[in-house]
Structures are given as C-alpha cells and as structure tokens.
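See below for the structure under consideration.
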Amino acid sequence: MECSDVIRPLPDLLRAHAHRIGGRIAFADARRGVTYADLERRTGRLAGHLAARPGDDGGLRRGDRVAVYLDDCVEVMESCLAAVRAGAVAVPLNPRASDPELGDLLRDSAAAVVVTDPAHLDQVRRLVPGAGGPSVLVIGDGPPPSGMLSFEALATAEPA
C-alpha cells in the first residue's frame, strides 16, 4: 500500500482491491467467505438499494445512520461498507446489548436503517416502532418478516 492509498476514499480502495485481487477472500466467518470482487459488487448493490429505498424520505441521505446489530459475521462488514458507499454512517452495535441499552443506542443514533439477524429480531421488534421508524433489514436466506426487508435480496439484486 502506498502513502497515497491512505487518503483514498474507502469505496475507491475496495474497487481497486476488487480489480487487483478480486478472487481473494476479503472476509470470512463460520458460514461463508466473500471475495473482494463479491464484496465490491454486493456492497454496491446494497448501497444502491439503501440510497433509493422507498419511504417518505426517498432513501438514505448523506450522514444518515445505519445501525448494524449483528453477531460476528461477514454481513457486519458488508453492512458497514454499504453504508459508507451510500454516504451514510455505519453504527456497529453491541450484539449483547440489553433492551434498555439497545433502545438508548437506537434513539441516540437516530438510525434510519437497522440491519439485524433472526437471533436479534424479537428484541429489535420490541424496540423499533413500525410505521415511521427505521427500515429493518434481516440477514438470512429465508423471506423477511412482514414489513421488513431481506438483506440478501438487496445485496444480490441490481437497484432499479
């Protein structure tokens, strides 16, 4: 890495790595690994969907927050990088937070989007208001609960 790489925007660095070493594993967890090329592609798609997500505000705006409430998994990095690519701010949250702690963190961050998993879904449902609250993206292969969005569907489909 050259000194000039240090001050390049993160999306540019990701794009360069995808071009140079796209087949190498960027991140892995117990379930799966993701190459630099796939990471660049998936985070770009997810960022595009987040920026254009339906709703009263027409999508994420620069500086909006994306709360990432997940255990240690590849989707943590995908969520954080997608938020940056969409011009938002990723807010990683402690996946062991109690209801009062999580409630405070969500209120204080004013998150426009919450990314979570099935293991934390009941807690998120208790603390996130339905209408007028943040959009909720759920990781996993199955369909998301009513009123929530599938992380995987957004990460794999081209934005409109």
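The values are calculated or read from the model by the stated rules, or taken from the named source; none is laboratory data. What you see is a predicted model; the values in this text were computed from it and never measured. No Cβ is skipped: glycine too gets one built from the backbone with ideal geometry, and neighbour counts run over all protein chains shown.
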Of all residues in region 80-102, how many are assigned to a helix (DSSP H, G or I) and either within 8 Å of the chain's Cα centre (by Cα) or crowded, with 20+ Cβ neighbours inside 10 Å (or both)?
6
Considering only region 21-40, state which residues are outside any loop (DSSP other than H, G, I, E, B) and either of a type outside the set (Gly, Ala, Ser) or surrounded by 15 or more Cβ atoms within 10 Å (Cβ to Cβ) (or both).
Ile21, Ile25, Ala26, Phe27, Val34, Thr35, Tyr36, Ala37, Asp38, Leu39, Glu40
Looking for something in contact (Cβ under 8 Å) with a residue 12 or more places away in the chain, under 20 Å from Arg31 (Cα atoms) and in contact with a His (Cβ under 7 Å, 6 or more places away or on another chain) - is there at least one such residue anywhere in region 90-102?
yes
From Ile25, Ile7, which residue is modelled with pLDDT under 95, farther than 21 Å from Ala153 by Cα and of a type in the set (A, V, I, L, M)?
Ile7
Restricting to region 119-141, and then to whatever is under 21 Å from Met77 (Cβ atoms) and free of Cβ contacts under 8 Å to residues at least 24 places away in the same chain, can you tell me which residue is surrounded by the fewest Cβ atoms within 10 Å (Cβ to Cβ)?
Asp141
So, first residue part of a helix (DSSP H, G or I) and at pLDDT 95 or above in region 65-79, second residue crowded, with 20+ Cβ neighbours inside 10 Å and among the basic types (Lys, Arg), Cβ within less than 8 Å, six or more apart or across chains; the pairs are Glu78/Arg42
Looking at (1) at pLDDT 95 or above; (2) over 13 Å from the mean Cα position of the chain (by Cα); (3) surrounded by 13 or more Cβ atoms within 10 Å (Cβ to Cβ), which is the only condition Gly59 fails?
(1)
Residues to consider are Asp117, Asp122; find the one that is over 22 Å from Val84 (Cα atoms) and among the charged types (D, E, K, R).
Asp122
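Report whether or not Val113 is at pLDDT 95 or above, buried (at least 18 other Cβ atoms within 10 Å of the Cβ), β-branched (Val, Ile, Thr) and closer than 23 Å to Arg31 by Cα.
Considered against the rule, which asks whether it is at pLDDT 95 or above, buried (at least 18 other Cβ atoms within 10 Å of the Cβ), β-branched (Val, Ile, Thr) and closer than 23 Å to Arg31 by Cα, Val113 comes out as no.
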Exactly one of (1) of a type in the set (Val, Ile, Thr); (2) over 14 Å from Pro134 (Cβ atoms); (3) touching a helix residue (DSSP H, G or I) at 6+ places or on another chain (Cβ under 8 Å) is unmet by Val91. Its number?
(2)
Among the residues of region 142-155, write down those that are loosely packed, with under 13 Cβ neighbours inside 10 Å and either modelled with pLDDT of 95 or more or more than 14 Å from Pro118 (Cβ to Cβ) (or both).
Ser146, Gly147
